[in-house]
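S.K.: Mind having a look at this structure? Questions to follow.
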Amino acid sequence: MNIKRNFTNTSDRILLQILNSNKPNAIAKITGNPSNPQLHGMVQFYNTPVDGILVKAEIFGLPNAFKLYSSNFYGFHIHETGNCEINFQKTGNHYNPSKTLHPNHSGDLPPLLGNQGFAYSIFYTRRFTIDEIINKSILIHDMPDDFTSQPAGNAGTKIGCGIIEIP
């Protein structure tokens, strides 16, 4: 995907060039749990020269994919353990090296907005580095994060998981 826009800000141009390069520094291939085998996608992580990480997520097969006009929010987090086996029950807690309260964990990400089963998201963060998240897991939950409940936002069942790796 080649994104074009008239940017005047240097950091805007830099982030656009990073996306257009299509060379992520880390990736996670997302697969669904046994109840959501159709769920799949890719999360890509890009280092930036503006002291942060650009995250791009393309997710397919989210629940309600065939329900006309359906849209839902889904919890989206980095978890501390890179183990997507057995219904994703061994992924640990949210990645939280500074031991902060939710939603200030390093692994707390913006929710995904699914539309008829598809979600596309790009955001910039300074909450972690690529080196810190390698071999951790990224999870999609069936409910939106409430950004209040402790310790993890009450986002429901883990429906999608991928291990963050260097491509």
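Where a number appears in this text, it was derived from the coordinates with a stated rule and is not lab data. Everything numeric in this text was worked out from a predicted model, so none of it was measured. Virtual Cβ from ideal backbone geometry, glycine too; neighbours counted across all protein chains shown.
S.K.: Across region 24-30, in residue order, what do the Karplus-derived ³J(HN,Hα) couplings come to in whole Hz, using 6.51 cos²θ - 1.76 cosθ + 1.60 with θ = phi - 60° and x for Gly and Pro?
M.R.: With the stated coefficients, region 24-30 comes to x, 8, 8, 9, 9, 8, 8 Hz.
S.K.: Further, regarding this structure: If you plug each phi of region 145-160 into the Karplus form 6.51 cos²θ - 1.76 cosθ + 1.60 with θ = phi - 60°, what whole-Hz ³J(HN,Hα) values come out, in order, with x for Gly and Pro?
M.R.: Computed from phi, the couplings for region 145-160 are 5, 8, 6, 10, 4, 9, x, 9, x, 6, 8, x, 5, 7, 10, x Hz.
S.K.: Taking amide H positions as placed 1.01 Å from N in the peptide plane, with prolines and chain starts having none, which residues 5 or more places from Ile159, or on another chain, fall under 5 Å of its amide H?
M.R.: Ile140, His141, Asp142
S.K.: A further question on this structure: Given the rule -39500 (n - 2.57) for each run of at least 4 DSSP H residues, summed and divided by the residues of the chain, what is its mean residue ellipticity at 222 nm, to the nearest 500 deg cm²/dmol?
M.R.: On the way: 2 runs with 16 residues, N = 167.
For the chain, the value works out to -2500 deg cm²/dmol.
S.K.: Once amide H atoms are built 1.01 Å from N in the peptide plane, which residues 5 or more positions from Ile30, or in another chain, come under 5 Å H to H?
M.R.: Gly41, Met42, Val43
S.K.: Something else now. For Lys56, go through the lysines and keep the ones whose alpha-carbon is under 17 Å away, minus same-chain ones fewer than eight residues off.
M.R.: Lys4, Lys23, Lys29, Lys136
S.K.: About its Cα centre, what dipole magnitude does the chain give when the only charges are +1 on Lys and Arg Cβ and -1 on Asp and Glu Cβ, stated in debye to the nearest 20? Intermediate results must be reported in sequence, preceding the final value.
M.R.: Numbers: 13 positive and 12 negative charges, 75 e Å.
In total the dipole reaches around 360 debye.
S.K.: Okay, moving on. When each pair of different Cα atoms in the chain is counted once in the 1/r mean, what is the Kirkwood radius in angstroms, to one decimal? Mind showing how you got there, number by number?
M.R.: On the way: mean 1/r = 0.0618 Å⁻¹.
Hydrodynamic radius (Kirkwood, Cα only) of the chain equals 16.2 Å.
S.K.: Take peptides 108-114, 36-42, 144-150 and line them up by average Cβ neighbours within 10 Å, highest first, as a rough protection proxy. Let's see the in-between values first.
M.R.: Numbers: 108-114: 20.7, 36-42: 16.9, 144-150: 14.3.
Ranked by mean Cβ neighbours within 10 Å, highest first: 108-114, 36-42, 144-150.
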